[in-house]
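**Q** One structure, as structure tokens, below. Some questions next.
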């Protein structure tokens with residue numbers, strides 16, 4: 001794949017994510033692909049990946065990703081984003097807190113044949129829980 005084709009796949013992914021379009025999100029993932037994240041753990045296959053997206057979209061329906069240009073090295077891609085949103089749907093089975101959050105994230109992708117084969121999400125899960133009011137932090 002060319003760099004432009006890879007960028008197009010990621011543009012489709014983040015546009016679908018920002019619009020809550022689950023079918024479009026799933027269309028950019030290989031049906032046998034893998035997603036690793038602090039929230040979803042290790043999800044293999046379309047059904048498991050769909051559950052990870054369902055949990056995110058259900059918890060934070062107003063979440064929006066602002067993405068930077070990806071760094072592309074063949075089929076390997078790194079992309080930085082900042083997601084902002086509000087806990088209006090309840091997170092991890094907890095009642096909604098109504099609190100807003102802003103979270104920097106890093107995504108590592110392997111993209112082949114126009115599909116995401118592997119996606120690894122890295123972010124400060126504890127920091128998110130503090131922003132949502134689920135955990136308390138001692139003042140510095």
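**Q** The conditions are (1) in a strand (DSSP E or B); (2) surrounded by fewer than 16 Cβ atoms within 10 Å (Cβ to Cβ), and residue 23 fails exactly one of them. Which is it?
**A** (1)
**Q** Right, something else. Can residue 62 be described as under 15 Å from residue 18 (Cβ atoms) and more than 13 Å from the chain's Cα centre (by Cα)? So that I can check it myself, show each step before the final result.
**A** On the way: under 15 Å from residue 18 (Cβ atoms): yes; more than 13 Å from the chain's Cα centre (by Cα): yes.
So residue 62 passes the test.
**Q** Return yes or no: is residue 97 surrounded by 15 or more Cβ atoms within 10 Å (Cβ to Cβ) and closer than 18 Å to residue 69 by Cα?
**A** Numbers: surrounded by 15 or more Cβ atoms within 10 Å (Cβ to Cβ): yes; closer than 18 Å to residue 69 by Cα: no.
Criteria not met by residue 97.
**Q** From (1) touching a strand residue (DSSP E or B) at 6+ places or on another chain (Cβ under 6 Å); (2) at pLDDT below 95, pick out the condition that doesn't hold for residue 92.
**A** Condition (1) is where residue 92 drops out.
**Q** Working only within region 110-126, note down all residues that are within 14 Å of the chain's Cα centre (by Cα) and under 30 Å from residue 31 (Cβ atoms). Talk me through it step by step, then tell me what you get.
**A** Step one: filter region 110-126 for residues within 14 Å of the chain's Cα centre (by Cα), giving 116, 118-125.
Result: 116, 118, 119, 120, 121, 122, 123, 125.
**Q** Hey, another quick one. Restricting attention to region 42-76, report how many residues are in contact with a strand residue (DSSP E or B) (Cβ under 8 Å, 6 or more places away or on another chain), in contact (Cβ under 8 Å) with a residue 24 or more places away in the chain, part of a strand (DSSP E or B) and under 23 Å from residue 114 (Cβ atoms).
**A** The number of residues fulfilling the criteria is 3.
**Q** Now a separate question. Return only the number of the condition from (1) in contact with a strand residue (DSSP E or B) (Cβ under 7 Å, 6 or more places away or on another chain); (2) under 22 Å from residue 104 (Cβ atoms); (3) not in a helix (DSSP H, G or I) that residue 39 does not satisfy.
**A** Every listed condition holds for residue 39 apart from (1).
**Q** Could you please let me know if residue 107 is within 15 Å of the chain's Cα centre (by Cα), surrounded by fewer than 17 Cβ atoms within 10 Å (Cβ to Cβ), closer than 25 Å to residue 44 by Cα and touching a residue at least 24 places away in the same chain (Cβ under 8 Å)? Outline the logic, then answer.
**A** Values: within 15 Å of the chain's Cα centre (by Cα): yes; surrounded by fewer than 17 Cβ atoms within 10 Å (Cβ to Cβ): no; closer than 25 Å to residue 44 by Cα: yes; touching a residue at least 24 places away in the same chain (Cβ under 8 Å): yes.
Judged against the criteria, residue 107 is not a match.
The values are calculated or read from the model by the stated rules, or taken from the named source; none is laboratory data. Computed from a predicted structure; not experimentally measured. For neighbour counting, all protein chains shown are included, and Cβ atoms are generated from backbone atoms with ideal geometry for every residue, glycine included.
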